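> Sending over a structure as structure tokens; questions will come in a sec.
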Amino acid sequence: MEQVSKLNPFSIDHIVVNVDEKYQKNIQFIEEVNRLGLPYIPSKGKGNKGFKTSNLWIGDEYFEFIYIKSKDGGGWIKDWVDKYNSGHRGVIGLFLKTNNIEKTTELLKSFGISNPERISFPFFFKLINFSAKWQNAYLPYFDEVPFQLGFQQVDTPQIEEKMRKRMVPNSKANGIDGIKSVQFFGPFTSRDFEWLKNVFYCIKENTNQLNIPLKNDQSIHFYISETIETRVLLNSKGKVLTPLLIENLRILNF
């Protein structure tokens, strides 16, 4: 894949996390998150009888917490619903923003990326069907880590601007501007690393670490580890954050 200035032409959009219901209902947890300067109102998220989402807005990026309420997941991504119902909790996907999802999928076709698609699901007693105003494409799972990288493109800049205005309350008001980097720890195989080096421009620190530089001074890091964990570092203007643990996700400040 052709690179410009040794950066991959993507930026972090959002991180999807499978969570138990307590992370959306427990008052003490919600208050704890808000005390850290991360405004969190889980009741505002979309959902239906099959699933419930709640968002934590961090500047232009966000965390999307998913609680699956029924076996079919109410139209949520089927493969992720199946993994949830089989017991998976924690980070299931990281979406990168692309300016041209058709070109991105064409370039990555040989690496197993899916065709662009829209999430569509029913709500209000199945009388209304929601169809997303953006398209997603997904790379395959890693060999031993139940996690995917995906790409997203919103239909128009105007729609993206409207979406950004709805990203409230936002941690930016508290001096926490966005996601700086994402660190993935897990039993990644040598084949995983070789595959990543073909899909992206990568910097190999050593045999156990691989870095992917992105636009907007962001980055993704992969570390070989026996334990599966995701650490997300936030831009916080010197504000010291108490680490926040949600399933296998740890949110820290940079």
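> Can you give me the orientation-averaged projected area of the convex hull built on the Cα atoms of the chain, in nm²?
Working: hull surface 54.6 nm².
Computed as one quarter of the Cα hull surface, the answer is 13.6 nm².
> K52: which aspartates and glutamates have alpha carbons under 14 Å from its alpha carbon, excluding same-chain residues fewer than 8 sequence positions away?
D20, E21, E64, D72
> Follow-up question, since we're still on this one. State which entries of K46/K133; K46/K180; K180/K237; K97/K215; K103/K180 exceed 18 angstrom in Cα-Cα distance in the structure shown. List each step's numbers first, then the result.
Working: K46/K133 14 Å; K46/K180 26 Å; K180/K237 12 Å; K97/K215 10 Å; K103/K180 26 Å.
Among K46/K133; K46/K180; K180/K237; K97/K215; K103/K180, the Cα-Cα distance tops 18 Å for K46/K180; K103/K180.
> Step through the residues of the stretch 35-41 one at a time and calculate ³J(HN,Hα) from phi using the Karplus curve (6.51 cos²θ - 1.76 cosθ + 1.60, θ = phi - 60°), rounding each to whole Hz and writing x for Gly and Pro.
4, 6, x, 10, x, 9, 10
> How many Å³ per residue does the convex hull of the Cα positions in the stretch 145-254 occupy? It would help to have the intermediate numbers written out before the result.
Numbers: hull volume 15.5 nm³, N = 110.
Hull volume over Cα atoms, normalised by residue count, gives 141 Å³.
> So if I take the alpha carbon set of the stretch 76-204, get Rg, then get Rh from the Kirkwood formula, what is the Rg over Rh ratio? All intermediate terms of the calculation are to be shown ahead of the outcome.
On the way: Rg = 16.8 Å, Rh = 17.1 Å.
For the stretch 76-204, the value is 0.98.
> Could you tell me how many cubic angstrom of Cα convex hull volume the stretch 1-81 has per residue?
Cα-based convex hull of the stretch 1-81, divided per residue, equals 123 Å³.
> Say the dipole of the stretch 11-253 comes from +1 at the beta carbon of Lys and Arg and -1 at that of Asp and Glu; which of N216, G73, I228 then lies farthest toward its positive end?
So the residue we want is G73.
> Ignoring ligands, DNA and RNA, what percent of the accessible area of the stretch 11-253 is carbon or sulfur (1.4 Å)? Let's see the in-between values first.
On the way: 5810 of 11650 Å².
Taking all protein chains in place, the stretch 11-253 shows 50 percent carbon and sulfur surface.
> So with the 1.4 Å probe, I'd like the accessible area per residue for the stretch 11-253, rounded to whole Å². Please list the in-between numbers first.
Numbers: 11650 Å² over 243 residues.
Per residue, the stretch 11-253 has an accessible area of 48 Å².
> Residue by residue through the stretch 231-241, what is 3J(HN,Hα) from phi via Karplus (6.51 cos²θ - 1.76 cosθ + 1.60, θ = phi - 60°)? Round to whole Hz and write x for glycine and proline.
10, 10, 9, 9, 6, 10, 6, x, 5, 8, 9
> So if I place +1 on the C-beta of Lys and Arg and -1 on the C-beta of Asp and Glu, and nothing else carries charge, what would the dipole magnitude of the chain be about its Cα centre? I want it in debye, nearest 20. Before the final figure, lay out the partial values.
Working: 33 positive and 28 negative charges, 170 e Å.
Roughly 820 debye, rounded to the nearest 20.
> Taking every pair of alpha-carbon atoms in the stretch 31-150, what share in percent sits in each 10 Å bin, from 0 to the bin with the longest distance?
11, 37, 37, 14, 1
The values are calculated or read from the model by the stated rules, or taken from the named source; none is laboratory data. Note that this is a predicted model, so its numbers are computed, not measured. With ideal geometry, Cβ positions are generated from the backbone for all residues, glycine too; neighbour counts draw on all protein chains shown. To get the accessible areas, we keep the full protein, side chains included, count just its heavy atoms, and leave off ligands, DNA and RNA. Shrake-Rupley method; radii C 1.70, N 1.55, O 1.52, S 1.80 Å.
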